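The values are calculated or read from the model by the stated rules, or taken from the named source; none is laboratory data. Owing to the predicted nature of the structure, the values given are computational and were not obtained by experimental measurement. Quick reminder, even Gly has a Cβ in these numbers, built from the backbone with ideal geometry, and neighbours come from all protein chains shown.
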Amino acid sequence: MAKWGMVIDLDRCTGCEACVIACHAENNLPIVGEEESAKGRQHNWIRVERYWEGEYPHIRARFIPVLCQQCDHAPCEPVCPVYATYHNPEGLNAQVYNRCIGTRFCANNCPYTVRVFNWFDHHWEKPLDEQLNPDVSIRTRGMMEKCTFCIQRIHRARHQAEDEGRDIRDGDVQPACVQSCPTEAMVFGDLDDPDSRVSQRARSRRAFRLLEELGTEPSVIYLKGDEWVEP
Amino acid sequence: MKRREFLITTTLGAGATVVLQGCGHREERLIPLLVSEEQLVPGAQYWTASVCRQCPAGCGIVVKTMLGEATTTVDGQTVRVKRRQAKKIEGNPDHPLNRGRLCARGQAGLQVLYNPDRLQGPLRRTGPRGSDQYVEITWEEAIRLLVERLQGLRQRHQAHALVFLTGRLSKHTRLLVERFMRAYGSPNHITYELFDDAVERRANELTMGREALATYDLARARYVLSFSAPFLETWRSPVYYSLGFGSMRQGRPGVRGKLVHVEPRFSLTAASADEWLPINPGTEGTLAMGLAGIIIEENLFDRAFIERHTRGFQAFRQLAREEYPPERVSEITAIPAETIVRLAREFAQHRPSLALGGGAAAAHTNGLFNLIAIQALNALVGNLGRPGGLSFTPDPPFQEFPPVPETPQTRESLRQPRLDRVDGATSIPALIERWRSGQPYAVDTLFLYEVNPLFTLPPALGVREALQKIPFIVSFSSFKDESAAWADLILPDHTYLESWWDEVPEPGAGQPAVGLAQPVVKPLYNTRLTSDVLLHVARTIGDDMRAALPWERFEDFLKEAYRGLHRAVGEGGDFEHFWEEVLKNGGWWMPDDQRSSLTDHPEPQTFDFSPALSHRRQPTFAGDERAYPFHLHIYPSIAFFDGRGANQPWLQEMPDPMTTVAWGSWVEIHPRTAEQLGVSEGDWVWIESPHGRIQAPVVLFPGARPDTVNIPVGQGHQAYGRYAKDRGANPVRLLTPLMEPVSGGLAWAATRVKVSKAPDRGRLVTVGYTRVHTEAERR
């Protein structure tokens, strides 16, 4: 049994948003339009936050891609009255769409604000709907949704490995965001396997987790930006 | 056998079992032409290799296709059909340029294919120009109209009056267009891109004898000094350079490279740099000369390389020492003198160190000098043709097609002067002026392909008036963009995922490579590949054109080109097998084992310093400084590039990384400047140049120079479909058409503007994320 996790190296991340569009394409995220965007109702399972530091001309900007942290002690889980959000055996913080009744307690309790509520049914202008990924269900009005670590890709990789009579190898599973990342800032894999790329990177001296002090035990590990030191 | 497979097998018959075997979940690379849609297994994923066309970089892609249901119209009836559908685009992991990676625009390519505003068949204009009144016609009629027009021109000995204006076309498409024009008898195949590369090509030609774009090996560099080239966003090959950047930063144990970015605006690339220097616009070359002066003065240059591989060093040394002392450079560039001295030492002492320049540095009246001075820095540290340095990617060894001979029909007209040339240099302003004046000869027919001059050319040139003078305009656009909406005949091209084409990436990744695109899905509509239309027209016009262009379809032309490649790379074996491999892999590139020897020891370059002296000049700006107190810094949007991405809703809704703005335009103003102007975030302002004005909402931008306003290019379409039309403003409308005189590049960074309050015109949509992360991420 794997323990899925992700490492995001902020010294590589340029904030280019490739992960955001890759996620839209993979996970059937709707386009909400200008009106709803203005109300802060964009559907993003991953977003790139930008922080300014300092003053002109010594200004700096820092980017941090934020997605569901797939917490081991997830604040969203115990508040769901219908068990729509639960912890799967591989450490994923999963959302069962057809159980969800839309109380939004989970989103309220998430310190990372990564859950997205469907205020409406969504519409794809034809033929844009031909692009929709049949591996991912379309969510309807009243449902909460969130990043799944591209669970459909985990399933595909497992089935392929089964067909070939072997275990899943490191690198077999790449969520859409990780797959696209132009600077290879993101790595995904099994945190229980000490030799996996994700475990290797997670041992960096630069590693930290978002809001670690809350005790949520996220499965996403960030590596902070590095400094250049004159050799 | 699983139950599902059994059912499918029985319905499809025995013939299908070959495909099905072991196909339960296996993902495979597939050549769509070899497997028909009936043979696809529902739920199975098939990947087809192709090439991205969202910008000119030429990244390799693989496209996931699956069998799916769609509604379509057959004989006026809406029916549901099963067909192969494209579901996801990813980088091609084998392609040497992007190695599996892709940018946001590349990811959004499916919304070009499935865009609801695609043109679905040929159109002929019925109302006045610009009235948007068209009727649908058949392809037979379209081709007949085209052939009649072109035959008539030829009979009147006016073949040169056909002008083919294109963007930067892909490899063999460009070759075909050139052959077509030569066989027809017109010298006027003219290329225009707003964010073009003429200045860099010229700089490299003058200094290194290579009229080509340089490849910068960021991955192995220890120190990178970039001058206004947004190479992590839109410049040249952003995915290749992003990969290189990632490796430079954290790809080598114990070595972390440093990036210093010099640019008037704090761009996304600046944000990723270890240090940003907001330089005075147009003075990048001056800074480079100042750095060179210190490197020479302190004897930090690569003496052995200078002696062996360069010319004109003594005069350059004298110029740098006498004319560019740090204090004077500091006055001109606004970079502190001690910073200049420190940078020069860091750059020279942490080799391999790279200097790369482009973007706004090239887009000034002195852009050529800027780039020459920047390239001189690479020569000073001997970083030409070395790992971690600058090199030129060799082309794959395609064999040339026999040249198209002059014929009695074409001899006269081919010798007519090209309309875009002034003393041998390209000049787009001269081209437009000649369209308007009809001198030295009037243009009769204009073809527009992968170009949108009514959006990307400054209107101050009089583009609309010039187009009005041209009797017949044909657009090959897949969408009704501004220029297509002006055309008399629209012959919509397939989109790139439905097409045959190929691209040799330039600048490439250091090894010879070509990406080949094949139709990933069947064409959705009654569109035609423009290359096929040209071949059809050519053989209909006459026997001489048929002789020059004997191919039935563009695919045949491509295949012949790859026969030549097959012979040249000497892999032996059967061509059909080679061709199948090329289709499956998405192109051909030098195998890995041969590559390492090539890129580790590329050919050394020789460098000539003397053009830095002969092309030295100061930038000039359009607009009086008192009347127009601000520099206008326009830049290609990371979402829309030069505007071509604005019809894709994913990209419209994507928050701009620096400002978080979605679905609109904005103008970036320094907070102090905004205070002086009495405007705040979201207020609307007029931005006015000597040539026009636009309005946009203000974003208070701490990375703007106080004397400069920044506006992204891409929005402000007046056509181009529901997502793009009537949204935001196009800053190209403000430009004064100043040029870099030697290369003919448009100096799009040389216009000055004034800013004043405007009435409120709606809102600024920003995605204000909740600030939940405080201390944890800063550690």
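For this structure, a couple of remarks:
- Test: A:Glu26 is acidic (Asp, Glu), outside any loop (DSSP other than H, G, I, E, B) and crowded, with 21+ Cβ neighbours inside 10 Å: yes
- Screening A:Asn93 on (1) buried (at least 18 other Cβ atoms within 10 Å of the Cβ); (2) more than 25 Å from A:Ala2 (Cα to Cα); (3) touching a Ser or Thr at 6+ places or on another chain (Cβ under 8 Å) shows it passes everything except condition (2).
- Subset of the range A:201-224 [more than 8 Å from every other protein chain (Cβ to nearest Cβ) and over 20 Å from the mean Cα position of the chain (by Cα)]: A:Arg203, A:Ser204, A:Arg205, A:Arg206
- Meets criteria (of a type in the set (D, E, K, R), at the interface with chain B (Cβ under 10 Å from one of its Cβ atoms) and within 26 Å of A:Cys106 (Cα to Cα)) for A:Asp135: yes
- Among the residues of the range B:252-292, those that are part of a loop (DSSP other than H, G, I, E, B) and at the interface with chain A (Cβ under 8 Å from one of its Cβ atoms) comprise B:Arg256, B:Gly257, B:Phe266, B:Asp274, B:Pro278.
- Counting only residues that are under 22 Å from A:Ile64 (Cα atoms) and either in contact (Cβ under 8 Å) with a residue 60 or more places away in the chain or not in a loop (DSSP other than H, G, I, E, B) (or both), the range A:141-177 holds 9 of them.
- In the condition set (1) among the basic types (Lys, Arg); (2) within 18 Å of the chain's Cα centre (by Cα); (3) more than 14 Å from every other protein chain (Cβ to nearest Cβ), A:Arg104 is compliant with all but (2).
- Of residues in the range B:749-770 being more than 14 Å from chain A (Cβ to nearest Cβ) and assigned to a loop (DSSP other than H, G, I, E, B), the one modelled with the lowest pLDDT: B:Asp760
- Some residue of the range B:335-347 being within 24 Å of B:Ala214 (Cα to Cα) and within 11 Å of chain A (Cβ to nearest Cβ): yes
- Qualifying residue in the range B:231-244 (condition: under 14 Å from the mean Cα position of the chain (by Cα), of a type in the set (Lys, Arg) and within 14 Å of another protein chain (Cβ to nearest Cβ)): yes
- Condition check for B:Gln77: modelled with pLDDT under 95, surrounded by fewer than 23 Cβ atoms within 10 Å (Cβ to Cβ) and either in contact with a strand residue (DSSP E or B) (Cβ under 7 Å, 6 or more places away or on another chain) or facing chain A (nearest Cβ under 10 Å) (or both): no
- Qualifying residue in the range B:170-193 (condition: part of a helix (DSSP H, G or I), of a type in the set (Val, Ile, Thr) and either at pLDDT below 95 or touching a helix residue (DSSP H, G or I) at 6+ places or on another chain (Cβ under 9 Å) (or both)): yes
- The single residue among B:Val514, B:Val451, B:Val521 that is β-branched (Val, Ile, Thr), surrounded by fewer than 23 Cβ atoms within 10 Å (Cβ to Cβ) and either on the phi < 0 side of the Ramachandran plot or assigned to a loop (DSSP other than H, G, I, E, B) (or both) turns out to be B:Val521.
- Whichever residue in the range B:45-74 is over 22 Å from B:Gln648 (Cα atoms) and among the hydroxyl-bearing types (Ser, Thr, Tyr) and, among such residues, is surrounded by the most Cβ atoms within 10 Å (Cβ to Cβ): B:Thr48
- Of all residues making up the range B:101-128, the number that are farther than 15 Å from B:Ala639 by Cβ and more than 7 Å from chain A (Cβ to nearest Cβ): 14
- Qualifying residue in the range B:504-525 (condition: farther than 25 Å from B:Gly587 by Cα and at pLDDT 95 or above): yes
- Any hit, the range B:716-738, residues being over 27 Å from the mean Cα position of the chain (by Cα) and on the phi > 0 side of the Ramachandran plot: no
- Considering the range B:396-445, and only residues there that are within 29 Å of the chain's Cα centre (by Cα) and of a type in the set (Val, Ile, Thr), the residue that is farthest from B:Met739 (Cα to Cα) turns out to be B:Val404.
- Some residue of the range B:623-638 being among the β-branched types (Val, Ile, Thr), in contact (Cβ under 8 Å) with a residue 24 or more places away in the chain and within 14 Å of another protein chain (Cβ to nearest Cβ): yes
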